[in-house]
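Peer 1: Got a structure for you, written out below as structure tokens; questions coming shortly.
The values are calculated or read from the model by the stated rules, or taken from the named source; none is laboratory data. Computed from a predicted structure; not experimentally measured. Because the Cβ atoms are built from the backbone with ideal geometry, glycine has one as well, and the counts that use them run over all protein chains shown. Calculation scope for accessible area: heavy atoms of the full protein, side chains included, ligands and nucleic acids excluded. Shrake-Rupley method; radii C 1.70, N 1.55, O 1.52, S 1.80 Å.
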Amino acid sequence: MSFVKNAWYVAGWSSDFGEALVPLTILSQTLVMFRASDGQIAALEDRCPHRQLPLSRGKRIGDTIQCGYHGMTFNGAGKCVRVPGQDNLPASAYVDAFSVHEAHGIVWVWMGDPAQADIAKIFHLEELGHPDWHLHHGDKLHIKANYLNVAENLVDPAHVSFVHPTTLGNAASENVPVHVKTSGEAIVAWRWIRDAEPIGFFKAFGGFTGNVDRWHYYYLHLPSTAVIDFGSADAAAKLDEDDRNQGVRIFALHFVTPVTEDYTIDHWAHLRNTALGDEAASAQMDKMFRIAFAEDKEILEAVHEEEQRPHKRKPIRIAIDKGPNVYRKRIRDLVEVEATEDLGEPVHPVFVQHD
Ligand code: FES
Ligand SMILES: [Fe+2]
């Protein structure tokens, strides 16, 4: 098992949750979610404690869910409030409830020890909600691959020249070395391509015609949120590394949610310091990102499929792999630490007779 449980994961955008019961899976745990009448989103284990029917197959009655099999009813905290045919409500008749937090239109769920759920640990950027920056929710990319492969691709600037030749990369960056460092809970890989032809993205945004300095900073926050800070500025400006706000700067945000060991959803969004409030620009960026992310999906699914086949040799690692290597080691360490902690056993009562 490669999942880090004590973490906040993105379940979806705020607009995904309303009246309807929404079934979803995170870290192989099935959840049912809905927005209660007070506006709060509830997230419950999607399994009735009686005969294990997913509660999402039942129906919502006010702020409760009535199981679709024998009608046991649970509130948003997972507590049983009705058992048809009897008056007493057995103590073991409950489902686990998960902490949910909503910010900037993004819905987070805490998947680990409930006692450690702390909203201060939710990923945040000062540019989120800042008036000089425009946030746009993109889409959800469904990828048939393990999340580690998806996340390591997001701390791997070297692939862009080969996988995204028309949007995010070009031949000018093929041989430019990648720097890597660890900064707290983030692994950072970056490189500058100085005085080169602009990539497709910045021909479209920024209107650069002559040579530019271009940067790509890949921040991968443990366990699986990535920020790709990339941009361009006129090469004549000789921009300093810390003055990136003076150029056209875009953050591609990837909230990578492991669904199962073989399936991952990348909720992507973008933030920019240009074309504020311009929805046509957002749509045009979405279009370019969709092209690029479909290219990643194709590569990642092919890799995942190949990994499932028997093979004689371990994959080799090369100089550009520093970011992915550090990432995998940090995840292994976190998983190991959690394996020795007591995360509290989920209660799935089987054949407990109450009458
Ligand atoms: S399975 Fe839910 S009430 Fe019987
Ligand atoms: Fe990519």
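Peer 1: Determine the distance separating the Cα centre of region 107-129 from the Cα centre of region 285-310; give it in Å without decimals.
Peer 2: Each part's Cα centre sits 28 Å from the other's.
Peer 1: For Ile122, Ile318, Ile65, give the ranking by accessible area with the largest first, probe 1.4 Å.
Peer 2: Ile318, Ile122, Ile65
Peer 1: Return a whole-number percent for the relative contact order of region 8-116, with Cα pairs under 8 Å and 6 or more residues apart as the contact set.
Peer 2: Contact order relative to length: 26 percent.
Peer 1: Tell me the carbon and sulfur percent of the accessible area for region 129-330, rounded to whole percent, probe radius 1.4 Å.
Peer 2: 53
Peer 1: Given the C-alpha atoms of region 189-261, compute the convex hull and give its volume per residue in Å³. It would help to have the intermediate numbers written out before the result.
Peer 2: Values: hull volume 7.5 nm³, N = 73.
Output value, Cα hull per residue: 103 Å³.
Peer 1: Oh, and also: Which order do the peptides 106-114, 89-97 come out in when sorted by mean C-beta neighbours inside 10 angstrom, highest first?
Peer 2: On the way: 106-114: 20.8, 89-97: 17.3.
So the order, starting with the most tightly packed, is 106-114, 89-97.
Peer 1: Can you find, among Trp108, Phe98, Leu53, the residue sitting farthest towards the positive end of the charge dipole of region 8-116, where Lys and Arg contribute +1 and Asp and Glu -1 at Cβ?
Peer 2: Leu53
Peer 1: Calculate the spin-label point distance for His130 paired with Ser183, positioning each point 7 Å from the Cα along the beta-carbon direction, and give it in nanometres.
Peer 2: Using points 7 Å along Cα→Cβ, the separation is 1.2 nm.
Peer 1: Angle check, please: helix 322-340 long axis (alpha carbons) against the longest principal axis of the chain (alpha carbons), in degrees 0 to 90, nearest 10.
Peer 2: Approximately 20 degrees, to the nearest 10.
Peer 1: Select from Phe34, Phe208, Phe98 the residue whose mean-square fluctuation is largest in a Gaussian network model of the chain (Cα-Cα springs shorter than 10 Å).
Peer 2: Residue with maximal mean-square fluctuation among Phe34, Phe208, Phe98: Phe208.
Peer 1: Helix 279-308 sits at what angle to the longest principal axis of the chain, using alpha carbons and giving 0 to 90 degrees rounded to 10?
Peer 2: Roughly 70 degrees, rounded to the nearest 10.
Peer 1: Okay, next question. Largest first and in whole Å, what are the equivalent-ellipsoid semi-axes of region 8-132 based on the Cα gyration tensor, each being the root of 5 times an eigenvalue?
Peer 2: So the three semi-axes of region 8-132 are 29, 15, 12 Å.
Peer 1: Okay, moving on. For region 197-249, what is the accessible area per residue in Å² when the probe is 1.4 Å?
Peer 2: Averaged over the residues of region 197-249, the accessible area is 38 Å².
Peer 1: Can you give me the % of accessible surface on region 8-116 that is carbon or sulfur? Probe 1.4 Å, all protein chains present, nothing else counted.
Peer 2: On region 8-116, the fraction of accessible area on carbon and sulfur atoms equals 49 percent.
Peer 1: Using the Cα centre of region 129-330 as the reference point, and only Cβ charges (+1 on K/R, -1 on D/E), how large is the resulting charge dipole? Debye, rounded to the nearest 20.
Peer 2: Approximately 600 debye in magnitude.
Peer 1: Show me 156-163, 247-254 ranked by packing, highest mean number of other Cβ atoms within 10 Å first.
Peer 2: Highest-to-lowest ranking by the protection proxy: 247-254, 156-163.
Peer 1: Still on this structure: Report the calculated FRET efficiency for Asp87 and Thr30 (r = Cβ-Cβ distance, R0 = 25 Å), to the nearest 0.05. Provide the component values of the computation, followed by the final result.
Peer 2: Values: r = 30 Å, r/R0 = 1.20.
The calculated FRET efficiency here is 0.25.
Peer 1: Once the whole set of protein chains is in place, how much accessible area is left on Trp8, using a 1.4 Å probe, in Å² to the nearest 10?
Peer 2: 20
Peer 1: Here's something else I'd like to know. Cα convex hull of the chain: mean projected area in nm², to one decimal?
Peer 2: 20.2
Peer 1: Same structure again: Would you check the accessible area of His101, probe 1.4 Å, heavy atoms only, in square angstrom rounded to 10?
Peer 2: About 50 Å², ignoring ligands and nucleic acids.
Peer 1: Still on this structure, please answer the following. Where does region 76-187 land on Rg(C-alpha)/(2.2 N^0.38 Å)?
Peer 2: Scaled against compact globular proteins, the figure is 1.67.
Peer 1: Here's another thing I want to ask about it. If ligands, DNA and RNA are left out, what is the accessible area of Arg244 with a 1.4 Å probe, given in Å² to the nearest 10?
Peer 2: Approximately 20 Å² of Arg244 is accessible to the 1.4 Å probe.
Peer 1: Could you run the Debye sum over the Cα atoms of region 127-254, one equal point scatterer each and no solvent, and tell me log10 of I(q)/I(0) at q = 0.15, 0.16, 0.21 Å⁻¹, two decimals?
Peer 2: -0.74, -0.85, -1.42
Peer 1: Taking the chain as a Gaussian network, where each spring joins two C-alpha atoms under 10 Å apart, which residue of Ala189, Ala283, Ala292 fluctuates the most?
Peer 2: For the chain, modelled as a Gaussian network with Cα springs under 10 Å, the answer is Ala283.
Peer 1: Still on this structure, I have one more. Gain in length, Ile119 to Lys329, computed as 0.36 nm per residue apart minus the alpha-carbon separation, to one decimal in nm?
Peer 2: Between Ile119 and Lys329, full extension yields an extra 73.0 nm.
Peer 1: With springs only between Cα atoms under 10 Å, which of Ala233, Ala115, Ala281 fluctuates most in a Gaussian network model of the chain?
Peer 2: Ala115
Peer 1: Among Ala236, Gln246, Leu89, whose Cα projects farthest towards the positive end of the dipole of the chain, with charges put on the beta-carbon of Lys, Arg (+1) and Asp, Glu (-1)?
Peer 2: Projecting each Cα onto the dipole axis, the largest value belongs to Leu89.
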